[in-house]
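The values are calculated or read from the model by the stated rules, or taken from the named source; none is laboratory data. Source: prediction; values computed, not measured. With ideal geometry, Cβ positions are generated from the backbone for all residues, glycine too; neighbour counts draw on all protein chains shown.
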Amino acid sequence: MSGWSTPEVYEIWSGKAIIYMQETAHDDPGRCFAVKAEPGDIVIVPPSWAHATISADPQQPLTFGAWCDREFGYEYDEVRAHNGLAWYPIVNAEGEIEWLPNTNYHYRDLQIKISCDYSCLGVEKGKPIYTQFEENPSKFLFVPFPAKIWEEFIP
């Protein structure tokens, strides 16, 4: 394990997803986001953020690609100590996802949003990440060499 963290790049291939993420897995989770994504959408999780990928439609299989640096090791001790992340997705009687807070964390609002434009990182919306990588591999150097752009980053 490297002892450091990198961002992760997700691309949804089929189905619907929610990439849930929170700044830390400590008692105060920091900012919490649930980013909705559909086929072709890209979602970027900043380095060191605790996160989970959730199928948002039980009627459709979810497939996706996820990139991170292979030297990075995942650490789940804090998540386990809190019995999960700060928000739990629950499917209600209408088949829709609702969010329940995990009382093992200090309460923080959950921001629900759709995937956004990551042109600030050079990533093109609507173009497959593998195609972008083939055209310009250096475009994704922010994954193995994360810069300090993440402090104010909004997923």
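Assorted remarks:
- So Asp41, is it closer than 25 Å to Glu11 by Cβ, in contact (Cβ under 8 Å) with a residue 12 or more places away in the chain and among the acidic types (Asp, Glu): yes
- Of the strands (runs of 3 or more DSSP E) lying entirely inside region 8-51, those carrying at least 1 residues that are in contact with an Asp or Glu (Cβ under 7 Å, 6 or more places away or on another chain), closer than 25 Å to Gly126 by Cβ and not acidic (Asp, Glu) are 8-14, 42-45.
- Taking the criterion of being under 12 Å from the mean Cα position of the chain (by Cα) and among the hydroxyl-bearing types (Ser, Thr, Tyr), the residues of region 29-84 that qualify are Ser48, Thr53.
- Condition met for Ala37 (farther than 18 Å from Trp150 by Cα and either in contact with a Leu (Cβ under 9 Å, 6 or more places away or on another chain) or at pLDDT below 95 (or both)): no
- Residue within region 52-70 that is surrounded by fewer than 16 Cβ atoms within 10 Å (Cβ to Cβ), among the aromatic types (Phe, Trp, Tyr) and assigned to a strand (DSSP E or B) present: no
- When each of Pro89, Pro146 is tested for being on the phi < 0 side of the Ramachandran plot and either at pLDDT below 95 or among the hydrophobic types (A, V, I, L, M, F, W, C) (or both), the lone residue that passes is Pro146.
- For region 21-36, a residue qualifies if it is of a type in the set (Val, Ile, Thr) and under 12 Å from Lys113 (Cβ atoms), and exactly one does: Val35.
- Of everything in region 71-116 that is among the charged types (D, E, K, R) and assigned to a helix (DSSP H, G or I), the residue that is nearest to Ala25 (Cα to Cα) is Glu78.
- A Cβ distance below 6 Å, combined with a sequence gap of six or more or placement on separate chains, defines the contacts here; from region 45-58, residues that are under 23 Å from Ile149 (Cβ atoms) and in contact (Cβ under 8 Å) with a residue 60 or more places away in the chain reach residues that are among the acidic types (Asp, Glu) and in a strand (DSSP E or B) in the pairs Val45/Glu8.
- Counting only residues that are surrounded by 12 or more Cβ atoms within 10 Å (Cβ to Cβ), free of Cβ contacts under 8 Å to residues at least 60 places away in the same chain and in a loop (DSSP other than H, G, I, E, B), region 117-135 holds 3 of them.
- Unmet requirement for Pro47, which otherwise passes all of (1) within 12 Å of Pro7 (Cα to Cα); (2) at pLDDT 95 or above: (2)
- Count - residues of region 136-155 that are closer than 11 Å to Pro47 by Cα, over 16 Å from the mean Cα position of the chain (by Cα) and outside any loop (DSSP other than H, G, I, E, B): 2
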